[in-house]
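Note sheet for the following structure.
The values are calculated or read from the model by the stated rules, or taken from the named source; none is laboratory data. Keep in mind it's a predicted model, so treat the numbers as computed, not measured. Cβ sites come from the backbone with ideal geometry, for glycine too, and all protein chains shown count toward neighbours. When the accessible area is computed, the model is the full protein with side chains, heavy atoms only, and any ligands, DNA or RNA have been set aside. Shrake-Rupley method; radii C 1.70, N 1.55, O 1.52, S 1.80 Å.
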Amino acid sequence: LRIMLRTTAVGWFKEGVLLVNDEGSYVAKAKYYLLSVGAFENYLAFENNDLPGVMGAGGAQTLMNLYGVLPGKKVLVVGSGNVGLIITYQLLQAGASIVAIVEAADRIGGWLVHAAKVRRYGVPILLRHTVIAAEGKERVEKAVITELDESWEPIPGTEKEVECDSILLAVGLTPNTELVRQFGVRTRYVPELGGLVPVRDEYFRTNVPNVFVAGDVVAIEEATTAFMEGWIAAYTMLIDLKGPSKKYVEERSKLVKLLSDYRSSPASQKIRKGWKYAEVVKDE
Ligand SMILES: Cc1cc2nc3c(=O)[nH]c(=O)nc-3n(C[C@H](O)[C@H](O)[C@H](O)COP(=O)(O)OP(=O)(O)OC[C@H]3O[C@@H](n4cnc5c(N)ncnc54)[C@H](O)[C@@H]3O)c2cc1C
């Protein structure tokens, strides 16, 4: 198996996929395509959001996990979903102090088990709050936070300055569908799955023959489900190529069931709801 690192699929043309890396460009034509291009982190519009020190939680996690670099010593986290809670816990373990987690909704978005862990460290989780500005000369020195009303509008007079050197945004992800759409794959807006997502059948086949999708590009979920979806797509390709061998059909059925069992928990309620809107129906 050839893995081409630092290589970007920049576009789809009738001759194939255009790949670009440091050494040049290539056109790759395949019998099957599995597009598992993931998602990008959402950003927030606020004053000075381009100051060094403002970054996505994923970027911060990469700095710590891959390069052993602490993204900040005194951090404000925006968003209390699982990503925000987990990154907070990882920062605490790495020696950073967290001034607060601010959350626009009136409840914590992530699992209580993760919220409890950070609360035990004394991290305040401020509901109905958001960040409206970053301040600093060369990099973040302060953040301005504010309370929000029921329509998520800032309540004048509630602004507060907090000292911090980093503002980490953990405010969701959006499926990365640019390449998928270039392939001619039909998409549909399903907010429960993260926005515009490719429509596909239960084996992750799209409306374009031999083009499959899997992972966060299909629905913002997690690594476990991304793996299972990729395997299901791969078995489907094998069945198409080599005929319906008992082994492949059984393995694929096991995975389809496992995925459905995995999503039966209350935590996957949103995904279950969105899932049926992203299925290809027969007459489409
Ligand atoms: C901060 C953070 C923390 C998380 N923590 C957890 C966790 O603890 N447990 C868990 O299960 N899940 C976690 N998740 C979710 C998990 O990371 C994703 O669900 C999972 O990585 C999805 O896998 P994927 O292969 O679909 O996408 P990705 O892992 O995002 O992989 C997509 C890949 O495609 C590449 N790519 C994109 N476009 C192109 C292109 N045009 N050409 C070539 N390559 C391209 C990208 O560079 C990337 O390497 C976390 C997510 C975030 C953001």
Most packed first (mean Cβ within 10 Å per residue), the peptides 176-185, 81-90 order as 81-90, 176-185
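Give the carbon-plus-sulfur fraction of the accessible surface of region 43-169 in %, rounded to a whole number; probe 1.4 Å, heavy atoms of protein chains only. Spell out each step's value before the answer.
On the way: 3400 of 6550 Å².
That fraction is 52 percent.
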Could you tell me which of rounded, prolate or oblate describes the chain, using a ≥ b ≥ c as the square roots of the eigenvalues of the alpha-carbon gyration tensor, with rounded for a/c under 1.5 and, failing that, prolate when a/b is larger than b/c and oblate otherwise?
-> prolate
With each label point set 7 Å from Cα along the Cα-Cβ vector, what nm distance links Asp106 and Arg119?
-> 1.8 nm
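Taking a ≥ b ≥ c as the square roots of the eigenvalues of the Cα gyration tensor of region 197-284, is the shape rounded (a/c under 1.5), prolate (a/b larger than b/c) or oblate? Display every interim value, and only then the final one.
On the way: a/c = 1.92, a/b = 1.30, b/c = 1.48.
Oblate, since a/c reaches 1.5 and b/c is not below a/b.
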Spin-label model distance (nm) - Asp50 vs Ser151, 7 Å beyond Cα toward Cβ = 3.1 nm
Reachable aspartates and glutamates from Lys29, criterion Cα separation under 17 angstrom, eight or more residues apart if same chain = Glu15
Under 5 Å from the placed amide H of Val199, counting only residues 5+ away or on other chains, we find Arg186, Thr187, Arg188
Rounded to 5, percent antiparallel among DSSP beta bridges of the chain | 60 percent
FRET E, pair Asp261, Thr174, Förster distance 41 Å, beta-carbon r, rounded to 0.05 = 0.90
Region 43-169 - Rg (one decimal) and Dmax (whole number), Cα, Å = 13.6, 41
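Excluding ligands, DNA and RNA, what is the solvent-accessible area per residue of the chain at a probe of 1.4 Å, expressed in Å²?
56 Å²
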Separation of region 1-66 and region 225-276 by C-alpha centroid, Å?
-> 25 Å
Distance-filtered residues of region 194-210 - backbone nitrogen under 20 Å, label point 7 angstrom along Leu19 Cα→Cβ = 210
Between Arg6 and Lys242, the FRET efficiency computed from the C-beta separation at R0 = 25 Å comes out, to the nearest 0.05, as 0.15
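Rounded to the nearest 0.05, what FRET efficiency do Tyr26 and Glu222 have when you use their Cβ-Cβ distance and R0 = 30 Å?
On the way: r = 32 Å, r/R0 = 1.07.
Efficiency for this residue pair is about 0.40.
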